[in-house]
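In what follows, a structure is listed as structure tokens, so that the remarks can point back to it.
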Amino acid sequence: MPRTEFTPSITTRPVYPGLSPVPGAAALMLADATGAEALIELALQDAALIAGAHVIYIPAGAPFGAALAALHPKQYHEGPSFAAILPRFRKALADAHMGTRLYLAGSETLIGCATAEALAAGLPAAAIHSDHRGSIARRMQCVHCKGITEGVTTDPFTCGHCGLTLYVRDHFSRRLGAFQGVCVDAETPGIVPDLQEIKP
Amino acid sequence: MTARPLRVSAVEPLTPLVTRFRFECPEGGRLPLFSGGAHVVVELPDDGVLRRNAYSLISDPLDGSGYEIAVRREDAGRGGSRFLHAAVAVGDLLRVGAPVNLFALDLTARKHVLIAGGIGITPFVAQVKQLQRLQLPFELHYAARSRAEAAGLRLLPDLPQLHLHLSGEGNRIDPAAILSGQPLGTHVYTCGPQPLIDSVAEAAARHGWPETALHAEAFLAPPAGAPFTVTLARSGRSIEVSPHQSLLEAMEAAAVDAPWLCRGGACGQCETAVLSCHGRIEHHDHWLSPAERAAQTKIMPCVSRFQGSALILDR
């Protein structure tokens, strides 16, 4: 699966430039589903980078676990979900020193949540490398009740917490790892635009 | 850049080569406050030649009672520091500009690692006061030849965060060792000779540090060179730049309006469009990109020179 091409948008909409090996630094890698392909491609560019890396993979039904393990990273761990690998990821960040580079590949939700954790741990944004593969379902924060609704694929959508109908903005919070949803019918209650599928 | 006359209220030799100068308002007022890393440009009227030299402020950023600088006498320099050491005494009036900070602390950092080489200690003397006041984690690495030459030791308080690297005693500073094991969110600031700045940048790159975590300030004096002629299109005249005079100084001497800020090739304020160039621009700045230098469509007059038959600038 090739890297997703996103439509150019506002400056806060994150872009995912792809992964290139940065020699000499400690490497922490996290991927989900088809994001594993980006890590495998990275290994083709620099096998030594992967050999010294701590790789965490969330398969989410994709069959790349064996291929990733076969790259023989210094540490390799598979987990069923982001929440499940989070304690390990946080420990890896807590033990990391300056010079560590974070390689993220896979869904927008994975990249967003992992980036937020890394920034909170003090990792500089310029040390985070990302490559988007697979799902473009969005983590959306309702700007009104602040609740986060996961896996949003339509615009508008219903807030999973307060029930308002929200339209999907491209504005993204790096701190929250979520896009912004705003009430679509505040001035015209009940009158909402037709549902559309969110496109890249 | 508006300069105002300030009275020299103290002249204190710190080492045989480095002297501290203190400036106060002649009328006894308060001076504008600043942040650690700021510098002021001092006008030095040296026997018919007006020099403007930038010096880092070493005094407490929150103390408006006076500004202090520490100047190293460069015998092989253009004369500004020699003038200060030889001809300036307590009571003299010198014109001093307002503080400008091109080397500020990044206050989003979790830890600050300061690396000083020789007289490069000066901006850190003010930054240390700021870091202590804010109670932020930091390390100060001070490289000098010997304790006797380390003028900064006379200016710094007794700091547990100070690491002295005296090359004369066989302890050369090791940037890779300093960078190793630093916590996430550390920023590194280097001030000193260009080779020190380069070695820190090289060690950082080799160990995967992103450039956004690195900051550097070089004390660049305009280099001397062969004389050359420049045509100023907007002024409609040609001026001569003499060997020990910068292009900016030549324009100022000719009363041509030319913007400037740092006078050291770092800030970009003096960037000037080149309308025509038959020859080679000698770029000595840290501002233009390699592509811009190769294109020869821009020049930084504060430090750069020219060799060739014709150079026409948009001034």
Trypsin sites (Lys or Arg not before Pro) restricted to DSSP loop in the stretch B:151-208 with at most 14 other C-beta within 10 Å: B:R172
Which of the lysines could a cross-linker span from A:K74 if the Cα-Cα distance has to be under 25 Å and same-chain partners fewer than 8 positions apart are dropped? A:K91
In debye, nearest 20, what is the charge dipole magnitude of the stretch B:143-262 about its Cα centre with +1 on Lys and Arg Cβ and -1 on Asp and Glu Cβ, if you could check? 80
Give me the 1.4 Å probe accessible area per residue for the stretch A:30-147, excluding ligands and nucleic acids, in Å². 37
Taking B:K298 as the anchor, which lysines have their alpha carbon closer than 21 Å to its alpha carbon, excluding any fewer than eight residues away along the same chain? none
Can you give the relative contact order of the stretch A:62-200 as a percent, counting alpha carbon pairs under 8 Å and 6+ residues apart? 18
Using only the alpha carbon atoms of the stretch B:28-143, find the Kirkwood hydrodynamic radius as the inverse mean reciprocal pair distance, in angstroms to one decimal. 15.3
Charges at C-beta only: +1 for Lys and Arg, -1 for Asp and Glu. How large is the resulting dipole of the protein assembly as shown about its Cα centre, in Debye rounded to 20? 620
From Cα pairs below 8 angstrom and at least 6 apart in sequence, can you work out the relative contact order of the stretch A:46-143, rounded to a whole percent? 23
If you consider only alpha-carbon coordinates, what radius of gyration and Dmax does the protein assembly as shown have, in Å? 28.4, 83
Would you kindly work out the equivalent ellipsoid of chain A from its C-alpha gyration tensor and give its semi-axes, the square roots of five times the eigenvalues, largest first in whole Å? 33, 17, 15
Based only on the alpha carbon positions, what is the Kirkwood hydrodynamic radius of the stretch B:108-192, in angstrom? 13.0
Restricting to Cα pairs under 8 Å and 6 or more apart, the percent relative contact order of chain B works out to 14
Euclidean distance between Cα centres, the stretch B:287-315 to the stretch A:96-148, Å: 43
In whole angstrom, note down how far apart the Cα centers of the stretch B:156-191 and the stretch B:27-56 are. 29
What is the pair-distance distribution P(r) of the stretch B:112-255, computed from all Cα-Cα distances in 10 Å bins starting at 0, with each bin given as a whole percent? 10, 33, 24, 16, 14, 3
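Dipole magnitude of chain A about its Cα centre, charges +1 at Lys/Arg Cβ and -1 at Asp/Glu Cβ only, in debye to the nearest 20? Don't jump to the answer; show the numbers that get you there.
On the way: 15 positive and 17 negative charges, 120 e Å.
So the magnitude is around 580 debye.
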Roughly what angle does helix B:122-134 make with the longest principal axis of chain B, taking Cα atoms, 0 to 90 degrees, to the nearest 10? 50
Accessible area drop of at least 30 Å² (1.4 Å probe, protein heavy atoms): which residues of the stretch A:92-120 qualify, relative to the chain alone? A:H97, A:M98, A:G99, A:R101
Which value, in square angstrom to the nearest 100, describes the accessible area buried between chains A and B on both sides, using a 1.4 angstrom probe? 1200
Based on the Kirkwood radius over alpha-carbon pairs, what value in µm²/s does the Stokes-Einstein equation return for the translational diffusion coefficient of chain B at 4 °C and 1.567 mPa s? 63
With helices defined as uninterrupted DSSP H runs, which ones in chain A have an alpha carbon span along their own long axis of at least 15 Å and mean Kyte-Doolittle hydropathy of at least -0.5? A:82-95, A:108-120
What's the longest bit of chain A with no exposed GluC sites (Glu not before Pro), using DSSP loop states and at most 16 other Cβ atoms within 10 Å as the test? A:6-186
With unit charges on the beta carbons (Lys and Arg positive, Asp and Glu negative) and the dipole taken about the Cα centre of the protein assembly as shown, which residue among B:A213, B:G37, A:H144 sits farthest to the positive side? B:G37
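The values are calculated or read from the model by the stated rules, or taken from the named source; none is laboratory data. In this text the structure is predicted, and so the values were computed from the model without any measurement. Glycine also receives a Cβ, built like all others from the backbone with ideal geometry; neighbour counts cover every protein chain displayed. Ligands, DNA and RNA are excluded from the accessible area calculation, which covers all protein heavy atoms including side chains. Shrake-Rupley method; radii C 1.70, N 1.55, O 1.52, S 1.80 Å.
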